[in-house]
Amino acid sequence: MIIGIDDTDSNEGMCTTYLGALLLEELQEYGTVEALPLLVRLNPTIPYKTRGNAAVALKLKTACPERVIAHVTSRIEELARMECEKTNPGAVFIQEKDYENLKSVLMSFLEEAVKEVIEIEKAKNLIAELGIISRSFKNGRGLIGALAACGAMLNPEGWDCTFEHLAYRQKEKWGTPRDVDKESFFEADRQTYPETWDTVDLTNRLVVCVPHSADPVLFGIRGESPEIVNKAAALIRAEPVERFTVYRTNQGTDMHLLTAQKIAEIRDMHSYRLESTVSAVPKTIEGGHVIFAVRDLEEGEIDCAAFEPTKNFRSLIRKLVPGDRVVLSGSVTTGTLNIEKIEIKALAPLYTEENPKCPECGKHMKSAGQGQGFRCKKCRTQAQSLLKIRCEAERDLEPGLYEVPPCARRHLAKPLAREKHLDIRLYPAR
Ligand code: ATP
């Protein structure tokens, strides 16, 4: 049986991955766990999300499905933060006899949940049409993520994957500051990067894999294999861990990106890869956000942003000039593309204006007064033209692929540490 669960937490506590970790242990009473649990990240722009729009799926070989369903349902009732308006749990249960039948339809549903916006009715109708067992609470929005997570479990070869070692805190510590030895995270990174990533942010001297919210997670180490995330986790010195789970995930895969053929087709609440040309000089606005516009051949135009949390990435963006060819990756909300990565494909020439040089001494001449051209005071020479000279300036920017620093990474964005086969210069942020 495959069990998909979503939407059990609130900002004040809990985490659907923690419920998954508990169930993974508890359900062994009813059968044998058949695969690593899954943690799927869905459309990152969905406003109903608590934090990272995650859903989980477990796979269990069992001879008593009814007892499994009853157990999962009662644990959701006990642990979900039902009092929170945004918490609308959903669970779905796929029986083994239906695996083949449901594989392709639920895989498509996963793709849609990662890239598009889905109505709750669509999930409910699909459940009814396909005769899937489900349990839902309040408005049942969690059924969307629960179905999508089952789609991922049914088709493990159908999507790129990474792994995360999630360590959970002892219950009495929930809501208190986390007691961790920061230096041990830097050491774990030194020993396992680039096979692990986003443990720390070296440039900004931050530990980024330890959350600050009231949820049960102590830290999460992301990487290419279960072995490497476990190796990094073993190097961490911190308060006692209640339990840990290694999840297989779609984090760090760019699964959310659609390819935009033109700007006119771009919609809010979707994420894109877009090739275009910079059309306005980047401006720093209040709050430190850097905004500029890009245009395509059909004259479509969209604002792009490197927001303040992207820190040092903004100084790269400020170097862009109109005419630069770029490929941007990022999510669109309120008409602005929030940049996750930028490939600089071709740099436009940048011109500056200078005073002409003296033919005698070679130094720049000075203005001779308004409308009177230029002259060299020392040699007493006079420029023939009244105009300044246009010169091509050197660009302080190299073509290649750049990304936001680890402290600003979105869960689904593929870090450049994972790009092994691209034929372009990579500038991984560390
Ligand atoms: P949790 O740990 O509880 O999963 P979260 O930050 O992952 O927290 P949720 O509380 O799950 O966020 O809230 C996200 C809600 O949005 C869920 O009900 C989920 O089913 C729903 N959802 C996910 N993807 C989509 C989508 N593409 N379209 C519409 N709704 C979605």
Could we say that residue 119 is within 12 Å of the ligand (Cβ to nearest atom) and without any contact (Cβ under 8 Å) to a residue 12 or more places away in the chain here? yes
All but one of (1) free of Cβ contacts under 8 Å to residues at least 12 places away in the same chain; (2) over 18 Å from residue 337 (Cβ atoms) hold for residue 242; which doesn't? (1)
Against the definition (within 25 Å of residue 250 (Cβ to Cβ), within 11 Å of the ligand (Cβ to nearest atom) and not aliphatic (A, V, I, L, M)), how does residue 140 come out, yes or no? yes
Which is out of contact with any Lys or Arg (no Cβ under 6 Å at 6 or more places or on another chain) and away from the ligand (no atom under 11 Å from the Cβ), of 36, 22? 22
Please specify each residue of region 42-80 satisfying the condition of being within 11 Å of the ligand (Cβ to nearest atom) and either touching a Gly at 6+ places or on another chain (Cβ under 8 Å) or at positive phi (or both). 42, 44, 53, 54, 55, 56
Is it the case that residue 424 is of a type in the set (Val, Ile, Thr) and within 30 Å of residue 221 (Cα to Cα)? yes
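Does residue 396 fit the bill of being among the acidic types (Asp, Glu), part of a loop (DSSP other than H, G, I, E, B) and either over 26 Å from residue 159 (Cβ atoms) or open to solvent by less than 20 Å² (accessible area, probe 1.4 Å) (or both)? Steps first, please.
Working: among the acidic types (Asp, Glu): yes; part of a loop (DSSP other than H, G, I, E, B): yes; either over 26 Å from residue 159 (Cβ atoms) or open to solvent by less than 20 Å² (accessible area, probe 1.4 Å) (or both): yes.
Yes.
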Matching residues in region 1-16 - criterion: being open to solvent by 10 Å² or more (accessible area, probe 1.4 Å), near the ligand (Cβ under 8 Å from one of its atoms) and over 20 Å from residue 106 (Cβ atoms): 9, 15
With a cut-off of at least 1 residues that are among the small types (Gly, Ala, Ser), name the strands (runs of 3 or more DSSP E) lying wholly within region 213-310. 217-223, 257-260, 270-278, 290-295, 301-306
Just to be sure I understand the filter: pairs with C-beta atoms under 8 Å, separated by 6 or more residues or on different chains, first member in region 71-87 and touching a residue at least 60 places away in the same chain (Cβ under 8 Å), second member open to solvent by 20 Å² or more (accessible area, probe 1.4 Å) and outside any loop (DSSP other than H, G, I, E, B). Which pairs pass? 72/135; 73/135; 76/135
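Could you tell me whether residue 413 is of a type in the set (Gly, Ala, Ser), part of a loop (DSSP other than H, G, I, E, B), surrounded by 13 or more Cβ atoms within 10 Å (Cβ to Cβ) and under 19 Å from the mean Cα position of the chain (by Cα)?
Working: of a type in the set (Gly, Ala, Ser): yes; part of a loop (DSSP other than H, G, I, E, B): yes; surrounded by 13 or more Cβ atoms within 10 Å (Cβ to Cβ): yes; under 19 Å from the mean Cα position of the chain (by Cα): yes.
For residue 413, the condition - of a type in the set (Gly, Ala, Ser), part of a loop (DSSP other than H, G, I, E, B), surrounded by 13 or more Cβ atoms within 10 Å (Cβ to Cβ) and under 19 Å from the mean Cα position of the chain (by Cα) - is met.
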Which listed residue is under 19 Å from the mean Cα position of the chain (by Cα), modelled with pLDDT of 95 or more and within 18 Å of residue 280 (Cβ to Cβ), from 326, 332, 321: 332
By my count, helices (runs of 4 or more DSSP H) wholly in region 72-165 with at least 1 residues that are among the hydroxyl-bearing types (Ser, Thr, Tyr) and open to solvent by 30 Å² or more (accessible area, probe 1.4 Å) are 99-115
Those residues of region 32-60 which are open to solvent by less than 20 Å² (accessible area, probe 1.4 Å) and part of a strand (DSSP E or B) amount to 38, 39, 40, 55, 56, 57, 58, 60
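For the condition away from the ligand (no atom under 16 Å from the Cβ) and open to solvent by less than 10 Å² (accessible area, probe 1.4 Å), what is the one hit in 203, 176, 196?
Working: 203 fails: open to solvent by less than 10 Å² (accessible area, probe 1.4 Å); 176 fails: open to solvent by less than 10 Å² (accessible area, probe 1.4 Å).
It is 196.
The values are calculated or read from the model by the stated rules, or taken from the named source; none is laboratory data. Note that the structure is predicted; figures quoted are calculated from it, not measured. Every residue, glycine as well, gets a Cβ built from its backbone with ideal geometry; the counts of neighbours run over all protein chains shown. Quick note on the areas: whole protein, heavy atoms, side chains included, nothing else; ligands and nucleic acids left out. Shrake-Rupley method; radii C 1.70, N 1.55, O 1.52, S 1.80 Å.
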